[in-house]
Amino acid sequence: MDTAQRDRWLLPEGVEEVLPQEARNLERLRRRLLDLFDVWGYQLVIPPFIDYVESLLTGTGRELDLQTFKLTDQLSGRMLGIRADMTPQVARLDAHHLKREEPTRLCYIGTVLHTVGDHLEKSRSPIQVGAELYGHRGAASDLEIIRLMLELLAQSGVLDVHLDLGNVAIYRELVRQAGLDGDQEAALFDVLQRKAQVELRELLDVYGVQGQLRDMFLQLPDLNGGAELLPRARAVLAGAGAVVADALAELETVWNQLRQRFPSLPIYVDLAELRGYHYQTGMVFAAFVPGCGKEVARGGRYDEIGKIFGRARPATGFSADLKVLARLGAPSAPESDRGAIFAPAGDDPGLWDAIRDLRAEGKTVIEALPGQVGDAAAMGCGLRLEKTAAGWVATPVAR
């Protein structure tokens, strides 16, 4: 056998096959989460797997651009991309197709494809599940989305969740006041994400940021913590103006509401945490669990993402990877196929009727194939159909 034949079973790195038991678990979790979205009033949408690149990258940063596989459309000659994130596509549905004035709640679930896997999650083909709320600006819609995210984690069996909160509007406003250009803003963003204080001081010197604004930038990496953080942040950022004051007020409102609803939930605030900064505009949040080195769900506000589609409606949402949720969720007892019923091969109409009736009741019936290898026990069935005077009856399989 040559090498090409021998390696044909191999898959590209970071692309996985899903075997029957895992596929069953994923599908049951998918249905459970779609039912959850439904009872919260979130309507399912199904964006296309492939789309024009400019639509896929609307309002996003360079990171998503690099994560997107691209190819040329043979019909139009335009550049296409395989979606790496469904959020821009869902924003287009709200802005261009639905065109509602009232708040719109949408949800989605489907495979996305990344050019490079995460350094912790090696998969390049996550199953993205998420929800978006359009048409409302303020803490109440952010709070609803965070509550829904927490409920989704609970329904997935993901326990011991810790919640991180932030607000990128604070950093955006400080950058605006400092008069930084795009390259300077990006360099400062990188330093803040690494909380590199020495580099931060050097950059602020190079950019000529002085006085009170400089002090606020220098203290931003240390503005993180629990309940004590918000009063300290108000004091440090007291001179930053109304935009920053409003962002802190919104954080405090969400914090207090979450404390009332989830008194045992650990909540952490970090004002230098800028995940999703390139397209998010306000509140950001992420859920973590012990033993997992990255967030298990994340989201935030992105009020401008629909602008290119004609409507820059307020928007907030979150997403997670169904595969990660299934792996981290509390394990359930393994399901056995012992409830499956083995039916012999045959041309008896009574047998056909019995099989049809059992399946109509939701029972699993596996029909024998003529000359097949393996009996009922080998096929994992705990029952088999046998003909009696009363008709075809399911009886236990001898072990």
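Residues that are more than 30 Å from SER55 (Cα to Cα) number at least 2 in the following strands (runs of 3 or more DSSP E) confined to the range 235-309: 267-270.
Being open to solvent by less than 10 Å² (accessible area, probe 1.4 Å) and either touching a residue at least 60 places away in the same chain (Cβ under 8 Å) or closer than 17 Å to ILE127 by Cβ (or both) holds for only one residue in GLY293, GLY300, and it is GLY300.
Scanning the range 1-10 for residues that are at pLDDT 65 or above and open to solvent by less than 80 Å² (accessible area, probe 1.4 Å) turns up just one, ASP7.
Check whether at least one residue in the range 63-73 is among the aliphatic types (A, V, I, L, M), open to solvent by less than 60 Å² (accessible area, probe 1.4 Å) and more than 25 Å from ARG275 (Cα to Cα), and report yes or no. For the range 63-73, residues among the aliphatic types (A, V, I, L, M), open to solvent by less than 60 Å² (accessible area, probe 1.4 Å) and more than 25 Å from ARG275 (Cα to Cα): absent. Evaluating ALA378 against the criteria (1) over 40 Å from the mean Cα position of the chain (by Cα); (2) open to solvent by 50 Å² or more (accessible area, probe 1.4 Å) leaves one unmet condition, (1). Given the structure, is ARG338 open to solvent by 40 Å² or more (accessible area, probe 1.4 Å), at pLDDT below 90 and either among the hydroxyl-bearing types (Ser, Thr, Tyr) or in contact with a Cys (Cβ under 8 Å, 6 or more places away or on another chain) (or both)? Yes: the conditions hold for ARG338.
Note on the range 311-331: residues that are over 14 Å from the mean Cα position of the chain (by Cα) and buried (at least 21 other Cβ atoms within 10 Å of the Cβ) amount to 2.
When VAL393 is tested against the conditions (1) within 30 Å of GLU273 (Cβ to Cβ); (2) surrounded by fewer than 18 Cβ atoms within 10 Å (Cβ to Cβ); (3) out of contact with any His (no Cβ under 8 Å at 6 or more places or on another chain), the lone failure is (1). The test for being modelled with pLDDT under 95, at negative phi and open to solvent by less than 10 Å² (accessible area, probe 1.4 Å) holds for LEU56.
Does the range 161-174 contain any residue that is among the β-branched types (Val, Ile, Thr) and under 17 Å from VAL244 (Cα atoms)? Yes, some residue in the range 161-174 is among the β-branched types (Val, Ile, Thr) and under 17 Å from VAL244 (Cα atoms). For GLN74, the conditions (1) at pLDDT below 85; (2) outside any helix (DSSP H, G or I) are fulfilled apart from (1). Within the range 16-38, residues that are over 26 Å from GLU144 (Cβ atoms) and part of a helix (DSSP H, G or I) reach partners that are open to solvent by 90 Å² or more (accessible area, probe 1.4 Å) and not polar (S, T, N, Q) with beta carbons closer than 8 Å, at six or more positions or on different chains, in the pairs GLN21/PRO334.
The values are calculated or read from the model by the stated rules, or taken from the named source; none is laboratory data. As the structure is a prediction and not an experimental result, all values here were calculated from the model. Quick reminder, even Gly has a Cβ in these numbers, built from the backbone with ideal geometry, and neighbours come from all protein chains shown. Accessible surface is based on the protein model in full, side chains and every heavy atom, while ligands, DNA and RNA are left aside. Shrake-Rupley method; radii C 1.70, N 1.55, O 1.52, S 1.80 Å.
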